[in-house]
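The block underneath contains the structure these notes are about, expressed in structure tokens.
The values are calculated or read from the model by the stated rules, or taken from the named source; none is laboratory data. Everything numeric in this text was worked out from a predicted model, so none of it was measured. Cβ coordinates were reconstructed from backbone atoms using ideal geometry, including for glycine residues, and neighbour counts include every protein chain displayed. Remember, those area values only see protein heavy atoms, side chains included, never the ligands or the DNA or RNA. Shrake-Rupley method; radii C 1.70, N 1.55, O 1.52, S 1.80 Å.
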Amino acid sequence: MQRRSILKAAVIGTIALGTGISVPAVAQDKKFTIALIPGLTTDAFYITMHKGAQAAADALGVELMFQGAPEFNPTLQVPVLDAVIARNPDAILIAPTDTNQLIEPLRKAHDAGIPIITVDTFIGNGQYQTGGGEADFPLAYIASDNILGGRMAARALGEAIGGEGKVYVSNVKPGISTTDQREEGFKLEMKEKYPNIEVLETQFNQNDANNAASQLQAMFARNSDLKGVFGANLFSALGAANGVQQAGQSGNIKVVAFDAPKSIVDNINSGLVDVAIAQHPAEIGYFGVVSAFAHLTGQSIPTLIGTGFTVIDKSNVSDPEIAKYVYSD
Ligand code: T6T
């Protein structure tokens, strides 16, 4: 009720312009609190997203709350979400750690009148505000196009190995929208464009780089002609690259990494990793806060905002323009 009257005041307080766009007149009167719940707190991807979100919060005079779990795990994320709901923020930005397991916990926030925007990952099928879905209640989804990203990774790996040989995907676990879609895009591109590449069975590492490293070595032990690996997120890629190094196969087994922390950039410089597909997490955080603010001040917002990629390889890794796409830690 209280929330409704604040929103109403914000809407009534807008100045209508001839263009149909309205400018919030009371935005400064109320300091909004927006919560950002990452997939986990210690991942350079979400640390960078937090920075972007903070930049927008500072620009708009918003209070940003950053609260998350130490691991990418719905069982740990749900209590964090409950604690955030209890603090009654004006909006929640969240990277749900499972497409299904976060639906009901998020519905509680929705039922309490808290607007929800998902960032990076989605719930349900990611199509929101359609009126037709069980999980279409979030206002917006702001993220990379992960199918496209998977296709880009396949092209990079396909070229790196000369269009033939055995490769596999090092992935986190099923049920995560982003990494599921990257694997899907990767396999589609391989099937359509690289008939002479055999994609072996995906290895799931539970977001643990050590698992990914051991799996690489086990895959190489079973397939001495292994040509390449696609690490579908930061920990998968880092671990797979470490595995290649430990197997003494640096340069022989090609590595394409999703995500671009400093360690992956170092690995590009050393030749261990061929290509990194950098997401733009700061943009996701920035536009997450801007979108929530726009909604809270009576503007309509897009249900989907796609952020881009930057492909980093040896040819541009030293370019100062590229530096801003390397994740913070
Ligand atoms: O790749 C990102 C993110 O997009 C994904 O949803 C989970 O893993 C990362 O955070 C990287 O570790």
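Looking only at residues in the stretch 35-78 that are outside any helix (DSSP H, G or I) and of a type in the set (D, E), which one is nearest to the ligand (Cβ to nearest atom)?
D43
So which residues in the stretch 27-49 are open to solvent by 40 Å² or more (accessible area, probe 1.4 Å), more than 12 Å from the chain's Cα centre (by Cα) and over 16 Å from V80 (Cα atoms), if there are any at all?
Q28, D29, K30, K31
Scanning the stretch 283-302 for residues that are open to solvent by 40 Å² or more (accessible area, probe 1.4 Å) and part of a helix (DSSP H, G or I), which turns out nearest to the ligand (Cβ to nearest atom)?
Once the filter is applied, the top-ranked residue is E283.
What strands (runs of 3 or more DSSP E) lie completely within the stretch 149-259 and have 3 or more residues being touching a residue at least 60 places away in the same chain (Cβ under 8 Å)?
Here the list reads 165-171, 226-231, 254-258.
Could you grab me the full set of residues in the stretch 141-160 that are among the charged types (D, E, K, R) and within 14 Å of the ligand (Cβ to nearest atom)? Lay out the reasoning, then the answer.
Initial filter on the stretch 141-160 (among the charged types (D, E, K, R)): 145, 151, 155, 159.
Once the filter is applied, which keeps residues that are among the charged types (D, E, K, R) and within 14 Å of the ligand (Cβ to nearest atom), the stretch 141-160 yields only D145.
So which residues in the stretch 236-274 are away from the ligand (no atom under 16 Å from the Cβ), of a type in the set (A, V, I, L, M) and open to solvent by 10 Å² or more (accessible area, probe 1.4 Å)?
Applying the first criterion (away from the ligand (no atom under 16 Å from the Cβ)) to the stretch 236-274 yields 243-254, 266, 268-272, 274.
Still in the list and also of a type in the set (A, V, I, L, M): 244, 247, 253, 268, 272.
Result: A247, single match.
Name, by its number, the condition in (1) in a helix (DSSP H, G or I); (2) within 15 Å of the ligand (Cβ to nearest atom) that does not hold for G126.
Going through (1) in a helix (DSSP H, G or I); (2) within 15 Å of the ligand (Cβ to nearest atom) one by one, G126 breaks only (1).
Kindly indicate whether any position in the stretch 202-221 is among the acidic types (D, E), farther than 21 Å from S263 by Cβ and surrounded by fewer than 20 Cβ atoms within 10 Å (Cβ to Cβ).
no
Hey, does the stretch 182-194 have a residue that's open to solvent by 30 Å² or more (accessible area, probe 1.4 Å), under 26 Å from P281 (Cβ atoms), more than 16 Å from the ligand (Cβ to nearest atom) and out of contact with any helix residue (DSSP H, G or I) (no Cβ under 8 Å at 6 or more places or on another chain)?
no
Among the residues of the stretch 284-317, how many are touching a residue at least 24 places away in the same chain (Cβ under 8 Å) and closer than 22 Å to K254 by Cβ?
7
Report, by residue number, each residue of the stretch 81-105 that is open to solvent by less than 40 Å² (accessible area, probe 1.4 Å) and either within 16 Å of the ligand (Cβ to nearest atom) or small (G, A, S) (or both).
Listed by number, the residues that qualify are A91, L93, I94, A95, P96, T97, D98, T99, L102.
Report, by residue number, each residue of the stretch 161-173 that is surrounded by fewer than 21 Cβ atoms within 10 Å (Cβ to Cβ) and within 13 Å of the ligand (Cβ to nearest atom).
Once the filter is applied, which keeps residues that are surrounded by fewer than 21 Cβ atoms within 10 Å (Cβ to Cβ) and within 13 Å of the ligand (Cβ to nearest atom), the stretch 161-173 yields only K173.
Can you name the number of the only condition in (1) among the β-branched types (V, I, T); (2) in a loop (DSSP other than H, G, I, E, B); (3) open to solvent by less than 20 Å² (accessible area, probe 1.4 Å) that V317 fails?
If we test V317 against (1) among the β-branched types (V, I, T); (2) in a loop (DSSP other than H, G, I, E, B); (3) open to solvent by less than 20 Å² (accessible area, probe 1.4 Å), just (3) comes out false.
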